[in-house]
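The values are calculated or read from the model by the stated rules, or taken from the named source; none is laboratory data. For clarity, every value in this text was computed on a predicted model and none was experimentally measured. Note that we place each Cβ from the backbone using ideal geometry, even for glycine, and neighbour counts take in every protein chain shown. SASA here: full protein model, heavy atoms, side chains in, ligands and nucleic acids out. Shrake-Rupley method; radii C 1.70, N 1.55, O 1.52, S 1.80 Å.
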Amino acid sequence: MFTITHRWQQARSGQLHTDHGLVPTPAFMPIATRGSLKHLANSDLTTIGNDIILANTYHLFLRPGIKVLKQVGGLHQFMHWTKPILTDSGGYQVFSLARLRLVSPDGVRFNSHIDGHEFFFTPELAMDIQAAIGSDIRMCFDYFPGYPANRAQVEESVRLTTNWAERCRAVHSVETSRERSLLFGIVQGSTWPDLRARSASELRAIGFDGYAIGGLAVGEPPEIMYHVLDATVPLLPAEQPRYLMGVGQPEQILQAVKRGIDMFDCVLPTRNARHGQVYVHTASQLVEQNLSLVHYTKLSLDNLSYQTDSQPLDPLCDCSTCTSGYSRAYLRYLFSVHEPLAARLATVHNVSFYIQLLRDIRINLALY
RNA sequence: GGGCAGAUGGCGGAGCGGUCAAUCGCACUUGGCUGUAAACCAAGCGACCUUUGGUCUUCGGGGGUUCGAAUCCCUCUCUGCCCA
């Protein structure tokens with residue numbers, strides 16, 4: 001169930017209800033692909049105030065596998081995480097592991113990126129795996145051909161995605177008698193407004209608990225992405241959650257919220273943290289308190305300029321990294337000597353930055 | 001005192017007459033990461049020139065052979081190992 005509590009022009013804030021609790025929206029979901037948010041313990045996420053994480057069907061299927069997931073009672077039990085989990089379907093891996101797969105109408109033949117083992121991934125299998133994981137929000141197995149793609153490829157992408165969405169819907173309807181999980185459809189169509197419209201229309205006809213927009217933030221200029229959102233969001237049900245998959249940079253999230261998006265996920269805060277790049281508020285923001293997180297920049301901690309910089313990463317941040325007295329100089333040093341603590345401290349900060357950003361957006365919807 | 005081996009760019013370490021401003025690794029500098037095959041990848045890393053490119057100074061010091069030397073010869077200095 002999804003309830004909208006506030007609206008401001010196209011933007012809205014609300015609550016997504018799941019068996020593992022409420023998710024205030026707009027929401028950002030940090031990525032725990034393999035059932036672990038890299039470098040963080042659950043207690044870190046609790047401290048940060050994170051409400052929901054994303055895990056990946058494809059990766060958890062390879063290891064630990066369906067059998068183990070069932071035996072240990074699902075991913076919540078396994079990783080001892082009590083809040084909601086959304087699972088991506090593996091559709092993104094069809095794209096990112098393109099060299100290791102072959103797409104057909106029935107499904108996708110994959111070779112494991114781990115040991116080369118071949119298997120056949122279908123919408124039904126994707127749903128079985130997500131059931132074994134026990135995720136609160138499950139995604140349909142979709143297909144998109146990358147960017148740029150020609151019209152024929154994108155039409156094929158929409159056709160397969162709709163067909164597979166029907167099959168996912170069928171499996172999900174049968175198996176969710178006891179547990180209540182939500183199933184989201186994924187709109188494809190790349191940059192063609194009419195194909196986006198066709199995809200949205202076909203998915204609405206099937207009926208889902210929420211609608212995701214996929215196939216964006218895959219190399220196209222941000223302006224193109226905003227245009228696609230302008231054309232696509234109005235075609236989605238007004239009272240149901242909308243999820244922009246894989247986005248993105250903080251300003252892209254702001255732009256998408258303005259256009260009516262409720263949910264986000266992205267590897268950037270976690271991956272960038274591991275790579276020594278941290279998001280911080282800029283000085284101008286100190287002056288314009290009201291505008292809060294609109295003003296930010298990214299620091300490359302390996303830059304020589306931080307060698308003796310005694311400031312915290314972000315004086316305006318209340319995360320444990322920034323309030324514990326760790327300096328930019330120390331973080332830079334830890335990265336330079338490859339101490340694991342560097343990635344941990346930076347990840348705590350970046351995830352906090354995103355969670356704070358979304359919290360501020362929810363509180364001050366009109367300001368953004 | 002004698003014998004042998006060796007000295008190459010910040011470090012390690014290739015090269016052993018021309019295609020060498022010198023493979024490679026590390027370090028260093030700067031970029032990039034968008035539903036995570038990513039604690040990763042890329043570029044740069046003697047000086048100067050606006051460039052595809054060009055010029056200049058380099059391979060312990062000095063001298064020599066050669067059209068041409070980091071590569072061959074002589075010598076000096078230093079280092080390591082062995083014998084006294």
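Could you please give the count of residues in segment A:322-353 that are of a type in the set (F, W, Y) and over 20 Å from A:T270 (Cβ atoms)? Total satisfying the criteria: 2.
Of the helices (runs of 4 or more DSSP H) lying entirely inside segment A:96-208, those carrying at least 1 residues that are modelled with pLDDT under 95 and small (G, A, S) are A:151-175.
A count restricted to segment A:239-255 and to residues that are in a loop (DSSP other than H, G, I, E, B), within 12 Å of RNA strand B (Cβ to nearest atom) and open to solvent by 10 Å² or more (accessible area, probe 1.4 Å) stands at 3. Test A:L229 against the criterion of being in a helix (DSSP H, G or I) and within 18 Å of the chain's Cα centre (by Cα), and give yes or no. Yes: the conditions hold for A:L229.
Of the residues in segment A:338-351, not one is small (G, A, S) and free of Cβ contacts under 8 Å to residues at least 60 places away in the same chain.
Among all residues of segment A:98-120, there is none that is at negative phi, within 12 Å of RNA strand B (Cβ to nearest atom), in contact with a Cys (Cβ under 8 Å, 6 or more places away or on another chain) and in contact (Cβ under 8 Å) with a residue 12 or more places away in the chain.
Restricting attention to segment A:256-267, which residues are within 11 Å of RNA strand B (Cβ to nearest atom) and surrounded by fewer than 21 Cβ atoms within 10 Å (Cβ to Cβ)?
Scanning segment A:256-267 gives a single hit, A:V267.
Taking A:I224, is it in contact (Cβ under 8 Å) with a residue 24 or more places away in the chain, of a type in the set (V, I, T) and part of a loop (DSSP other than H, G, I, E, B)? For A:I224, the condition - in contact (Cβ under 8 Å) with a residue 24 or more places away in the chain, of a type in the set (V, I, T) and part of a loop (DSSP other than H, G, I, E, B) - is not met. The residue that is farthest from RNA strand B (Cβ to nearest atom), counting only those in segment A:13-48 that are touching a Ser or Thr at 6+ places or on another chain (Cβ under 8 Å) and in a loop (DSSP other than H, G, I, E, B), is A:D19. Among the residues of segment A:317-342 satisfying the criterion of being buried (at least 21 other Cβ atoms within 10 Å of the Cβ) and within 10 Å of RNA strand B (Cβ to nearest atom), which is nearest to the chain's Cα centre (by Cα)? Per the stated criteria, the residue is A:A342. When we screen A:L291, A:L286 for residues that are part of a helix (DSSP H, G or I), modelled with pLDDT under 95, within 20 Å of A:Q10 (Cα to Cα) and hydrophobic (A, V, I, L, M, F, W, C), the only hit is A:L291.
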